[in-house]
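Colleague: What follows is a structure written as structure tokens; I'll ask about it next.
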Amino acid sequence: MATVQLSEAEKVYVLHGIRDDLRVDGRSCEDYRHMEIETDVVSNTDGSAKVTLGHTAVLVGIKAEMGKPRPAQPAEGYLEFFVDCSANATPEFEGRGGEELGTELTNTLYRVFNNKRSVDLASLCISPGEHCWLLYVDVLLLQCDGNLYDGISIAIKAALFNTKLPKVLISEGEEGGTEIELSDDPYDSVRLSVDNVPCIVTLCKVGPRHVVDATLQEKACSVASLIMAVTPAGTCTCMRKVGGGSLDPESFFEMTEAGRRVGRALHGPLMALLSQEEALGQKRQKVGFLG
């Protein structure tokens, strides 16, 4: 992951500010940076979104294809994830520098999203045991300034909200089999439910306190981080601790409670913004992922 080098004096400055609940950029410990969200930015996908969180920019595109259900879940569809760390995001990603981070992010996304508690996988089933929708979720990191997990999860939820699947008509064939016909009307489509799709909240332990949406400078002062996937109801569906430092029981409890609180508060404005943008229809101004 992209890192920065800080002097001891700079670390002390950051630590003292967080201790007094006043970060370098003026935020309190549980505040996010300015966030911009735009959906439907890639024309050849079934759903897409771009999220800018501070100077971290993430682009997500979703492509739906018809496939066969997995034998263990014959009545469910599933998602496939791929994360590409662009060399433009940071010089550390040049060559094969971003492969390890991409694999780590991909594995975490599988744990968070590819389960029926997060996404309504049953709605992706077309014909049990025979046909289902397979969603390819491609994530591209355009800029990296810390807090990748949160930015990616918000972009994925926005892209899932934007995804439209063609309506499927199933009929009986002449020889007793089933025939599947997809509607070619772009307005005759089915939307995915994102009611229970979680957002990831990353809390970094810095000194005696913890912060949300840490910058690279704050990350350099952190001893350990807690990654939580939180639903709109405040339920934690996945948790992972990263970093070489340890967390005492009191800090762990405080961080989990803060993660639930911040995650629950994040979903409401996010869904309101997505609904407001969709209501604008053709009137909304499109910037695109190169804007």
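Colleague: Would you check which residues across segment 241-262 are of a type in the set (A, V, I, L, M), within 15 Å of Val201 (Cα to Cα) and without any contact (Cβ under 8 Å) to a residue 60 or more places away in the chain and list them?
Modeller: The first filter runs over segment 241-262 and keeps only residues of a type in the set (A, V, I, L, M), leaving 242, 247, 255, 258, 262.
In the following step, the residues that additionally are within 15 Å of Val201 (Cα to Cα) were identified as 242, 255, 258, 262.
Of everything in segment 241-262, those that are of a type in the set (A, V, I, L, M), within 15 Å of Val201 (Cα to Cα) and without any contact (Cβ under 8 Å) to a residue 60 or more places away in the chain turn out to be Val242, Met255.
Colleague: Identify the residue in segment 3-25 that is of a type outside the set (D, E, K, R) and assigned to a helix (DSSP H, G or I) and, among all such residues, is nearest to Gly207 (Cα to Cα). Step through it out loud before you land on a result.
Modeller: Here is the first cut: in segment 3-25, the ones of a type outside the set (D, E, K, R) are 3-7, 9, 12-18, 22, 24.
After this cut, where a residue has to be assigned to a helix (DSSP H, G or I) as well, the list is 9, 12-18.
Numbers: Ala9: 15, Val12: 10, Tyr13: 12, Val14: 10, Leu15: 6, His16: 9, Gly17: 10, Ile18: 8 Å.
Filtering first and then ranking leaves Leu15.
Colleague: Take the residues in segment 178-203 that are assigned to a loop (DSSP other than H, G, I, E, B) and of a type in the set (A, V, I, L, M); name whichever of them is farthest from Leu266 (Cα to Cα).
Modeller: Taking segment 178-203 as the starting set, the residues that turn out to be assigned to a loop (DSSP other than H, G, I, E, B) are 183-188, 192-198.
Narrowing further to those that are of a type in the set (A, V, I, L, M): 192, 194, 197.
Details: Leu192: 20, Val194: 14, Val197: 12 Å.
So the residue we want is Leu192.
Colleague: Kindly indicate whether any position in segment 164-177 is under 30 Å from Ser246 (Cα atoms), touching a helix residue (DSSP H, G or I) at 6+ places or on another chain (Cβ under 9 Å) and either in a strand (DSSP E or B) or at pLDDT below 85 (or both). Even if it seems obvious, please write down each step before you answer.
Modeller: So in segment 164-177, the residues under 30 Å from Ser246 (Cα atoms) come out as none.
No.
Colleague: With respect to Ser28, is the statement that it is part of a loop (DSSP other than H, G, I, E, B), modelled with pLDDT of 90 or more and open to solvent by less than 40 Å² (accessible area, probe 1.4 Å) true?
Modeller: Numbers: part of a loop (DSSP other than H, G, I, E, B): yes; modelled with pLDDT of 90 or more: yes; open to solvent by less than 40 Å² (accessible area, probe 1.4 Å): yes.
The answer is yes for Ser28.
Colleague: Continuing with the same structure: When residues of segment 146-195 are filtered for being within 16 Å of the chain's Cα centre (by Cα), more than 17 Å from Val119 (Cα to Cα) and of a type outside the set (S, T, N, Q), how many remain?
Modeller: Of the residues in segment 146-195, 5 are within 16 Å of the chain's Cα centre (by Cα), more than 17 Å from Val119 (Cα to Cα) and of a type outside the set (S, T, N, Q).
Colleague: Scan segment 64-86 for residues that are touching a Gly at 6+ places or on another chain (Cβ under 7 Å), farther than 26 Å from Met239 by Cα and not in a loop (DSSP other than H, G, I, E, B) and jot them down. Step through it out loud before you land on a result.
Modeller: Taking segment 64-86 and keeping what is touching a Gly at 6+ places or on another chain (Cβ under 7 Å), we get 69, 74, 83-85.
Within this subset, residues satisfying the condition of being farther than 26 Å from Met239 by Cα are 69, 74.
Answer for segment 64-86, where residues must be touching a Gly at 6+ places or on another chain (Cβ under 7 Å), farther than 26 Å from Met239 by Cα and not in a loop (DSSP other than H, G, I, E, B): there is none.
Colleague: A follow-up question, please. For Ala89, which of the numbered conditions (1) in a helix (DSSP H, G or I); (2) open to solvent by less than 50 Å² (accessible area, probe 1.4 Å); (3) modelled with pLDDT under 90 fails to hold?
Modeller: (1)
Colleague: May I pose another question? Failed condition for Pro186, given (1) more than 27 Å from His131 (Cα to Cα); (2) loosely packed, with under 14 Cβ neighbours inside 10 Å; (3) free of Cβ contacts under 8 Å to residues at least 40 places away in the same chain, with all others met?
Modeller: All conditions pass for Pro186, except number (1).
Colleague: Right, something else. Quickly run through segment 46-61 and pick out the residues that are over 25 Å from Arg27 (Cα atoms) and out of contact with any helix residue (DSSP H, G or I) (no Cβ under 8 Å at 6 or more places or on another chain).
Modeller: Asp46
Colleague: From the list Glu250, Glu218, which one is open to solvent by 70 Å² or more (accessible area, probe 1.4 Å) and not in a strand (DSSP E or B)?
Modeller: On the way: Glu218 fails: open to solvent by 70 Å² or more (accessible area, probe 1.4 Å).
It is Glu250.
Colleague: Name the one entry in Gly17, Gly54, Gly61, Gly47 that is out of contact with any Pro (no Cβ under 6 Å at 6 or more places or on another chain), buried (at least 18 other Cβ atoms within 10 Å of the Cβ) and free of Cβ contacts under 8 Å to residues at least 24 places away in the same chain. Quick ask: steps written out before the conclusion?
Modeller: Numbers: Gly54 fails: free of Cβ contacts under 8 Å to residues at least 24 places away in the same chain; Gly61 fails: free of Cβ contacts under 8 Å to residues at least 24 places away in the same chain; Gly47 fails: free of Cβ contacts under 8 Å to residues at least 24 places away in the same chain.
Answer to the selection: Gly17.
Colleague: Please pick out the residue among Tyr110, Tyr136 that is open to solvent by 60 Å² or more (accessible area, probe 1.4 Å) and either hydrophobic (A, V, I, L, M, F, W, C) or not in a strand (DSSP E or B) (or both).
Modeller: On the way: Tyr136 fails: either hydrophobic (A, V, I, L, M, F, W, C) or not in a strand (DSSP E or B) (or both).
Only one candidate qualifies: Tyr110.
Colleague: Looking at segment 148-165, which of its residues are open to solvent by 10 Å² or more (accessible area, probe 1.4 Å) and either in contact with a strand residue (DSSP E or B) (Cβ under 6 Å, 6 or more places away or on another chain) or closer than 17 Å to Gly67 by Cα (or both)?
Modeller: Here is the first cut: in segment 148-165, the ones open to solvent by 10 Å² or more (accessible area, probe 1.4 Å) are 149, 161-162, 164.
Answer for segment 148-165, where residues must be open to solvent by 10 Å² or more (accessible area, probe 1.4 Å) and either in contact with a strand residue (DSSP E or B) (Cβ under 6 Å, 6 or more places away or on another chain) or closer than 17 Å to Gly67 by Cα (or both): Tyr149, Asn162, Lys164.
Colleague: Still on this structure, I have one more. Can you confirm whether Ala72 is more than 12 Å from Leu148 (Cβ to Cβ), among the small types (Gly, Ala, Ser) and open to solvent by 60 Å² or more (accessible area, probe 1.4 Å)?
Modeller: Working: more than 12 Å from Leu148 (Cβ to Cβ): yes; among the small types (Gly, Ala, Ser): yes; open to solvent by 60 Å² or more (accessible area, probe 1.4 Å): yes.
Criteria met by Ala72.
Colleague: For residues that are outside any loop (DSSP other than H, G, I, E, B) and among the acidic types (Asp, Glu), scanning just segment 31-44, find the one that is most open to solvent (accessible area, probe 1.4 Å). Step through it out loud before you land on a result.
Modeller: Filtering segment 31-44 down to residues outside any loop (DSSP other than H, G, I, E, B) leaves 35-39.
Those still in the list that are among the acidic types (Asp, Glu) too: 36, 38.
Details: Glu36: 102, Glu38: 21 Å².
Going through the qualifying residues, I end up with Glu36.
The values are calculated or read from the model by the stated rules, or taken from the named source; none is laboratory data. Since the model is a prediction, treat every value here as computed from it, not as a measurement. Glycine gets a Cβ as well: all are built from the backbone with ideal geometry, and neighbour counts include every protein chain shown. Note: areas computed on protein heavy atoms with side chains; ligands, DNA, RNA excluded. Shrake-Rupley method; radii C 1.70, N 1.55, O 1.52, S 1.80 Å.
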